[in-house]
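Q: Let me begin by handing over the structure; questions about it come next.
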Amino acid sequence: MIRHRPFGSGHPYSVDTEQREPVDPVAGESLTIGARATPDLVDVEAELVVVAPSGERETRRMPLARVARTSRGQAIDGGHLASAQARLARVAGGWALTIDAPAAGSRLRYRLAGRTAEGATQRTRWFETSAFGWQPAPDETVASTGTRRIVPGSVTVLTDDERVRRVRFALPLAPDEHVTGFGERFDALDHRGSELDSVVFEQYKSQGAERKTYLPMPFAHVVGGGGWGFHVRTSRRAWFDLGASDPDTMLVEVETDAAAGEPAVTTAFYDGTPTEVLDAFLGRAGRPEQLPDWVFRLWASGNEWNTQAEVMRQMDLHREHDVPVGSVVIEAWSDESTFTAFRDARYAVSEDGSPHRLADFEFPEDGAWPDPKGMVDELHARDIRVHLWQIPLMKLRPHPEGQAQADARAAVREGVLIREPDARGALRPYRNRGWWFPLSFMPDLTDERAATWWTEKRRYLVDEVGIDGFKTDGGEHAWGRELEYLDGTRGDEANNRFPVAYAKAYGDLLRSSGKAPVTFSRAGFTGSQAHGAFWAGDENSTWDAFRWSMFAGLSAAASGILYWGWDLAGFSGALPDAELYLRATAASTFVPIMQYHSEFNHHRTPSRDRTPWNIAEQTGDERVLEVFRRFAQLRERLVPYLAAEAAESIRTSSPLMRPVYFDHPSLATAWTHPLQWMLGRDLFVSPVLAEGEAAHEVALPPGAWRDAWTGEAIEGPAVVRREVPIDRAPVYVRAEAWDDFAGVFTD
């Protein structure tokens with residue numbers, strides 16, 4: 001067998017062995033044609049036909065060389081358990097030919113052939129592509145709104161003289177300007193001097209080190225000088241060189257698919273303060289919708305809370321330890337096959353894939369979930385909301401049975417799936433290319449009919465069981481520009497939009513049942529601002545991850561994400577020590593969503609739960625439970641303030657968790673001390689983010705302030721060092737609002 005996939009898997013940061021790289025050949029640059037072959041093939045040859053723009057035709061046969069295989073970002077060498085012979089066989093399975101790409105406008109036609117030792121030949125089908133070249137283009141190729149800032153004469157396009165695949169242009173960058181925003185970013189607040197891109201990607205852990213994100217946006221603030229911002233109005237991938245190549249210039253490159261000679265992309269420019277820039281952007285992207293006050297209470301979850309008894313035990317422990325909790329997220333509730341039925345539930349299969357109602361289920365008394373509705377009713381009686389975990393995939397490994405099989409058949413029959421071309425070019429259901437639930441079907445939630453088909457299967461959970469929201473996890477699984485959505489849109493345009501539609505679909509389900517559209521997502525793009533709440537994704541319990549998460553929250557807020565949080569002190573790896581756990585708890589008290597969560601640990605001991613009682617037990621630090629309790633109770637007292645300030649944020653577009661530069665764009669300490677923020681109009685927060693820090697440096701912005709804990713008055717701007725006991729976070733109250741916080745910061 002010999003296989004060539006011109007577009008590869010669509011992994012945005014890795015080249016697969018069997019793909020063409022680049023997918024669009026560029027004149028004057030190298031072009032690699034790769035293949036994957038079974039070990040019986042001893043050599044592989046390419047037959048290439050090049051038709052020049054003049055019509056001249058050239059045919060060549062060229063051998064491919066053996067290369068190590070890579071797939072979906074992973075090197076494949078057989079692994080440490082494989083024998084040397086197996087490793088060699090796998091390495092031999094990769095083949096590649098590198099040539100100089102032909103002149104722009106040429107047509108390239110090729111196929112690959114492999115030969116066995118016995119002389120038998122196997123061939124691929126023919127593949128065709130154009131060769132593209134970079135050339136200057138009229139400035140009008142980049143359309144714009146607002147004050148046009150594109151450097152004249154800087155526009156170039158990658159074209160074959162018929163279609164434009166990419167466009168580049170330059171923007172000016174003054175010496176005193178900072179560049180920030182770009183959605184949720186984990187590595188820095190000011191991106192000047194760096195390079196980044198905007199593509200939705202599941203970066204599992206180390207987001208700050210890898211500089212990849214679940215929630216990008218091609219939107220930026222340029223702070224300093226006169227103040228302005230820009231939004232590249234595209235859902236396709238874009239790249240930004242923010243003074244890295246030329247300190248006085250920002251370079252923008254955008255994927256497109258436009259006719260040569262026509263406008264290829266539009267960029268909106270906004271003038272004004274950061275709040276004015278954000279307001280103008282949200283006018284296009286969509287504005288946050290106010291969620292109920294209870295979203296500001298503590299959220300609690302753990303992947304090992306996978307039975308009704310364990311959920312109730314943990315909620316009982318919150319009550320026993322006097323730790324107020326407002327929401328519980330139950331992740332491991334479903335059969336993880338249909339993602340609609342509680343594990344152990346008995347029911348008749350709906351062969352046509354139609355939705356079930358609560359009465360269709362029998363819940364065994366000795367099962368994991370003997371009475372889901374009774375559990376939800378009891379939690380509601382305790383003033384605790386309940387959220388269930390979801391994934392936007394139809395799991396097909398192992399081979400589905402029962403309802404999962406019926407649902408898969410129905411999805412194909414009803415035509416509600418994203419599709420991809422097969423080896424002959426015919427469309428078939430897309431199979432997930434990511435490493436999480438690989439080969440699963442993916443419903444096209446960008447299509448209203450398909451989204452309704454999908455969410456109706458979950459309606460009984462909302463209408464009858466009484467669920468209050470959904471954790472809409474994993475919106476990053478649409479890979480590949482050749483995917484086809486139900487409206488005919490290709491993946492290069494629609495993949496980034498998928499997580500926006502995913503959260504919207506579940507929000508619409510909740511809204512149709514008379515409930516607030518509370519979703520909790522990690523993936524998103526431009527437009528996500530209008531759909532629910534977000535958390536920063538999966539991370540280990542480390543100080544680095546703590547700092548990265550704070551950057552993520554501030555950059556997300558600067559891009560219009562109002563309801564944001566993170567797994568305080570991380571959800572995975574070794575348990576955080578008491579210091580990290582309590583410093584993260586203190587910081588989480590002063591972000592929009594306060595929540596803790598823990599990864600599944602196969603019920604091994606000791607427990608890896610991030611509950612305060614487990615951290616206290618495992619660390620042996622008697623301070624943990626008392627200090628956590630005090631912060632959780634403080635958070636309860638802050639809920640009215642947070643709810644009022646969220647309404648003000650929606651009214652004005654000034655972020656609830658607000659980087660200092662929003663209010664003071666020319667203040668130097670906004671950038672020298674980036675991990676500080678305003679929480680609403682009256683609280684200033686400067687969390688402790690370094691291990692062993694006994695004295696913390698606070699850079700107060702201008703104004704009259706009072707220490708939230710002691711009432712001590714201080715005038716800003718000022719840089720001060722203060723002692724930071726483990727049960728305190730450096731927080732200051734605007735002096736004129738001091739009376740409004742009477743009793744809030746005292747036990």
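Just so you know, all these numbers are worked out from the coordinates, no wet-lab data involved. Just so we're clear, the structure is a prediction, and the values are computed from it rather than from any experiment. Positions of Cβ are backbone-derived with ideal geometry, glycine not excepted, and every protein chain shown enters the neighbour counts.
Q: Which value in deg cm²/dmol, rounded to the nearest 500, describes the helix-derived mean residue ellipticity at 222 nm for the chain, given -39,500 (n - 2.57) per DSSP H run of n ≥ 4 and division by the residue count? Don't skip to the end; give the middle numbers.
A: Values: 14 runs with 158 residues, N = 747.
Per the formula, -6500 deg cm²/dmol.
Q: Go through segment 446-476 and name the trypsin sites (Lys or Arg not before Pro) that are in a DSSP coil and have 14 or fewer other Cβ atoms within 10 Å of their Cβ. Don't jump to the answer; show the numbers that get you there.
A: On the way: sites: ARG449, LYS457, ARG458, ARG459, LYS471; in loops: LYS457, ARG458.
For trypsin sites (Lys or Arg not before Pro) across segment 446-476 that sit outside H, G, I, E and B with at most 14 neighbouring Cβ atoms in 10 Å, the list is empty.
Q: Run the numbers on segment 2-131 and let me know its relative contact order in percent, using alpha-carbon pairs under 8 Å that are six or more apart. Please report the intermediate quantities before stating the final value.
A: Working: 323 pairs, mean separation 41.8, N = 130.
Computed value for segment 2-131: 32 percent relative contact order.
Q: May I pose another question? Pairing the Cα long axis of helix 578-588 with the longest principal axis of the chain, what angle in degrees results, from 0 to 90 and rounded to the nearest 10?
A: 90 degrees
Q: Name the chymotrypsin sites (Phe, Trp or Tyr not before Pro) in segment 354-462 that are in a loop by DSSP and that have at most 15 other C-beta atoms within 10 Å, would you? Write out the running numbers ahead of the final one.
A: Working: sites: PHE361, TRP389, TYR430, TRP435, TRP436, PHE441, TRP453, TRP454, TYR460; in loops: PHE361, TYR430, TRP435, TRP436.
Counting only loop positions with at most 15 other Cβ atoms within 10 Å, the chymotrypsin sites (Phe, Trp or Tyr not before Pro) in segment 354-462 are TRP435, TRP436.
Q: Where does the charge balance sit around ASP538 when Lys and Arg score +1, Asp and Glu -1, over other residues with C-beta under 15 Å from its C-beta?
A: Values: positive: LYS205, LYS212, LYS471, ARG522, ARG608, ARG610; negative: GLU184, GLU202, GLU210, GLU331, ASP473, GLU476, GLU539, ASP544, ASP567, GLU599.
Its environment carries a net charge of -4.
Q: Find, among the chymotrypsin sites (Phe, Trp or Tyr not before Pro) in segment 125-157, those assigned to loop by DSSP (not H, G, I, E, B) with at most 15 other beta-carbon atoms within 10 angstrom. Walk me through the intermediate numbers first.
A: Details: sites: TRP126, PHE127, PHE132, TRP134; in loops: TRP126.
For chymotrypsin sites (Phe, Trp or Tyr not before Pro) across segment 125-157 that sit outside H, G, I, E and B with at most 15 neighbouring Cβ atoms in 10 Å, the list reads TRP126.
Q: Compute the long axis of helix 274-285 from its Cα atoms, compare it with the longest principal axis of the Cα atoms of the chain, and write down the angle in degrees, 0 to 90, nearest 10.
A: 60 degrees
Q: Still on this model: Determine the sum of side-chain charges near ASP707: Lys and Arg each +1, Asp and Glu each -1, restricted to other residues whose C-beta is under 13 angstrom from that of ASP707. Intermediate values should be presented prior to the final figure.
A: Working: positive: ARG706, ARG722, ARG728, ARG734; negative: GLU712, GLU715, GLU723.
Charge balance near ASP707 sits at +1.
Q: In addition: With 23 Å as the limit, write out which pairs from LYS205/LYS471; LYS205/LYS457; LYS471/LYS504 have Cα-Cα distances beyond it, or answer none.
A: Working: LYS205/LYS471 19 Å; LYS205/LYS457 32 Å; LYS471/LYS504 12 Å.
Over 23 Å apart, Cα to Cα: LYS205/LYS457.
Q: Now a separate question. Once you sort the root eigenvalues of the Cα gyration tensor of segment 2-131 as a ≥ b ≥ c, which label holds: rounded (a/c under 1.5), prolate (a/b larger than b/c) or oblate (the other case)? Numbers along the way, then the final one.
A: On the way: a/c = 2.86, a/b = 1.56, b/c = 1.83.
Because a/c hits 1.5 or more and a/b fails to exceed b/c, segment 2-131 counts as oblate.
Q: Also: How big is the gap, in Å, between the Cα center of segment 543-581 and the Cα center of segment 598-638?
A: 16 Å
Q: Near VAL42, within a Cβ-to-Cβ distance under 13 Å, what is the net charge of the other residues, with Lys and Arg +1 and Asp and Glu -1?
A: On the way: positive: ARG66, ARG115; negative: ASP40, ASP43, GLU45, GLU118.
Every neighbour counted, the sum reads -2.
Q: When only C-alpha pairs under 8 Å and at least 6 residues apart count, what is the relative contact order of the chain, in percent?
A: On the way: 1789 pairs, mean separation 77.5, N = 747.
The normalised contact order for the chain reaches 10 percent.
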